[in-house]
Amino acid sequence: MAIGLDGHSKVKQGGGGLSGPFTVSHTCGGVQRLLVVVFSGMRGALGSWSVSGLTYNGTSLTSGAANESSGSSRNIRTEVWYLVNPPGGSSYSVSVSVSASLQSYSLAAISLTEVDQSSPVGSTGTDAGNKSSYSVGLSTSVADAWLIGGAGIRNGNRTWTPQGSTTEIYEQASGSDTTNDVVGCGDYLVCTSTGSYSLASNADSSNLGVMAGIVVQPASSAPAAWFGAEFVAVGGVWTF
């Protein structure tokens, strides 16, 4: 089966003193679903922080990849989380709780279809530093898998450009402040065969940033169909 991009929803905020929870509403469609959430945020201090909880319609997601980059009295972090078989057809809330007050953040929910429901995620990885080029190299033993994730970089005036076969899903700045704002992006890359691939994107100038990504594995077959019209009640007994 071929993984499909169902859709995405995003929200961002700057201005400091942001303690969360941070939320965005998203509707998942299709079958054999996987929800991927990309969160990039920046703390106005050098101390480490993290996403302390992430839910969709009250159900907890699983942490996939996370890292941070510190310097100049700032700590920027990107995390990727996922949920197998999220409820579909209606809008529900993604809620992100963090362990420290933030200056700014970028949050996005990305839904995929035709994903392996028993082993949806393979290898994971990150790339962090004070630079302009970010790349997460990962390997897959399954053809037609996807590398998916995103990045965040300090400075609200920065822009991202996907590299190689990477495709950008979204890009958003929490504001224009060069010290306190963050520019987040979400990306994916289709792995046409088994082997090693890189999810990569370049910023237009160097700064503190983090990219995180996971390998998402495709379903091996379509879900079994249920033919309700073939079930008939005869004399109180169901026959088919």
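Quick notes
- The label-point distance for Ser50 and Ser93, in a model that sets each label 7 Å from Cα toward Cβ, rounds to 2.5 nm.
- Dipole magnitude of region 1-99 about its Cα centre (Cβ charges: Lys, Arg +1; Asp, Glu -1), debye to nearest 20: 180 debye
- Heavy atoms of Asp144 accessible to a 1.4 Å probe, total area in Å² rounded to 10: 70 Å²
- The magnitude of the dipole of the chain, with charges of +1 and -1 set on the Cβ of Lys/Arg and Asp/Glu and taken from the Cα centre, is near 560 debye.
- Each of Val136, Thr59, Thr78 was placed along the dipole of region 1-136 (beta-carbon charges, centred on the mean Cα), and the one lying farthest toward the positive end is Thr78.
- Shape class for region 121-192, computed from the alpha carbon gyration tensor (a ≥ b ≥ c): prolate, with a/c not under 1.5 and a/b above b/c.
- Overall, region 132-192 carries a charge dipole of about 140 debye about its Cα centre when +1 sits on the Cβ of Lys and Arg and -1 on the Cβ of Asp and Glu, all other atoms neutral.
- The per residue volume of the convex hull around the alpha-carbon atoms of region 1-48 is 116 Å³.
- Global size of the chain: 19.4, 77 Å for Rg and Dmax (C-alpha atoms, Rg to one decimal, Dmax whole).
- Amide H contacts of Tyr170 (H built 1.01 Å from N, under 5 Å, at least 5 apart or other chain): Gly186
- Percent of C-alpha pairs per 10 Å bin in region 35-176, short distances first: 10, 40, 36, 13, 1.
- Ranking Leu5, Leu83 by solvent-accessible area of protein heavy atoms (1.4 Å probe, all protein chains present), from largest to smallest, gives Leu5, Leu83.
- Remark: region 135-147, residue by residue, has Karplus-estimated 3J(HN,Hα) of 8, 10, x, 9, 10, 10, 9, 10, 6, 6, 6, 10, 8 Hz, where x stands for each Gly or Pro and the curve is 6.51 cos²θ - 1.76 cosθ + 1.60 at θ = phi - 60°.
- Note, ³J(HN,Hα) from phi for region 101-114, Karplus 6.51, -1.76, 1.60, rounded to Hz, x at Gly and Pro: 5, 10, 7, 6, 7, 10, 10, 9, 10, 10, 9, 10, 10, 6
- Between Ser205 and Ser19, the simple label model (points 7 Å from Cα in the Cβ direction) yields a spacing of 3.4 nm.
The values are calculated or read from the model by the stated rules, or taken from the named source; none is laboratory data. A quick note: this is a predicted structure, and the numbers were derived from the prediction, not measured. Cβ atoms come from the backbone with ideal geometry, glycine included; neighbour counts cover every protein chain shown. Note: accessible area is taken over every heavy atom of the protein model, side chains too, but ligands, DNA and RNA are not part of it. Shrake-Rupley method; radii C 1.70, N 1.55, O 1.52, S 1.80 Å.
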